[in-house]
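Here is the structure we will look at.
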Amino acid sequence: MTFTVTDQEHDEWTVLRVSGELDLVTSPVLRQRVHDVVAEGGHRLVLDLSEVWFCDSSGVGVLIASRRLLRSCQGSLRLILPARGAADGSHVNKVLGALGVRRLFDIHPDVPSAVDEDSRPLSA
């Protein structure tokens, strides 16, 4: 399966759309893209994980490290997972829930919700 990360700008937010498998081989690519966004001054980041079909512990590590990095520069990280979450079969959602770290993230169902300052994240 092909792993891709594409970026879009939405007002003050950078959206990185991730697709494929987020694992030991591909997680360094996402880590570098997050670091690149922050190095370029982007402190409001959305990771769209709705097209990620598999995520292992190294992928979760990148998500946690990204949260830590953005918080260290008074930034914000939001994740996009399918609207129905684990009920929809989102592998990332299941992994985050099983590890007990889902509550660490602001999770939204789609890009418009994630970049809207007035929207509330989905419940953990």
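The values are calculated or read from the model by the stated rules, or taken from the named source; none is laboratory data. Just so it is clear, the model here is predicted, and its values are computed rather than measured. Note that each Cβ is placed from the backbone with ideal geometry, even for glycine, and that neighbours are counted across all protein chains shown. Heavy atoms of the whole protein, side chains included, go into the accessibility calculation; ligands, DNA and RNA do not. Shrake-Rupley method; radii C 1.70, N 1.55, O 1.52, S 1.80 Å.
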Checklist entry - Can you give the extra length, in nm with one decimal, that the chain gains between LEU24 and ASP110 once fully stretched, where that is 0.36 nm per residue apart less the Cα-Cα distance? => result 28.3 nm
Checklist outcome for this item: Binned at 5 Å from zero, the C-alpha pair distances of segment 4-115 give percents of 2, 13, 26, 28, 21, 9, 2, 0
Checklist outcome for this item: Summing -39500 (n - 2.57) over every DSSP H run of at least 4 in the chain, dividing by its residue total and rounding to the nearest 500, the 222 nm mean residue ellipticity is -10500 deg cm²/dmol
Item to check | Zone residues, segment 51-78, relative to ASP11, backbone N less than 17 Å from point 7 Å out along Cα-to-Cβ | outcome: 75-78
Checklist outcome for this item: Whole-percent carbon and sulfur contribution to the accessible surface of the chain (1.4 Å, no ligands, DNA or RNA) stands at 49 percent
Item to check | Dipole in debye (nearest 20) - segment 4-115, about Cα centre, beta carbon charges: Lys, Arg +1; Asp, Glu -1 | outcome: 500 debye
Checklist entry - Comparing ALA65, ALA114, ALA98, which has the greatest mean-square fluctuation in the GNM of the chain with Cα pairs linked when under 10 Å apart? => result ALA98
Item to check | Leading residue at positive end of dipole, the chain (Cβ point charges), from VAL111, VAL5, LEU22 | outcome: LEU22
Next on the checklist: For the chain, set up a GNM with springs between Cα atoms under 10 Å and report which of VAL92, VAL46, VAL29 has the largest fluctuation.
Outcome noted: VAL29
Next on the checklist: Please list, ordered by chain and number, the residues whose modelled amide H lies under 5 Å from the amide H of ARG78; skip anything fewer than 5 residues away on the same chain.
Outcome noted: LEU45, VAL46, LEU47
Checklist entry - Which of GLY97, GLY41, GLY59 moves the most in a Gaussian network model of the chain with Cα springs under 10 Å? => result GLY41
Checklist entry - So which trypsin sites (Lys or Arg not before Pro) in segment 11-93 pass both tests, a DSSP loop state and at most 13 other Cβ atoms within 10 Å of the Cβ? => result ARG84
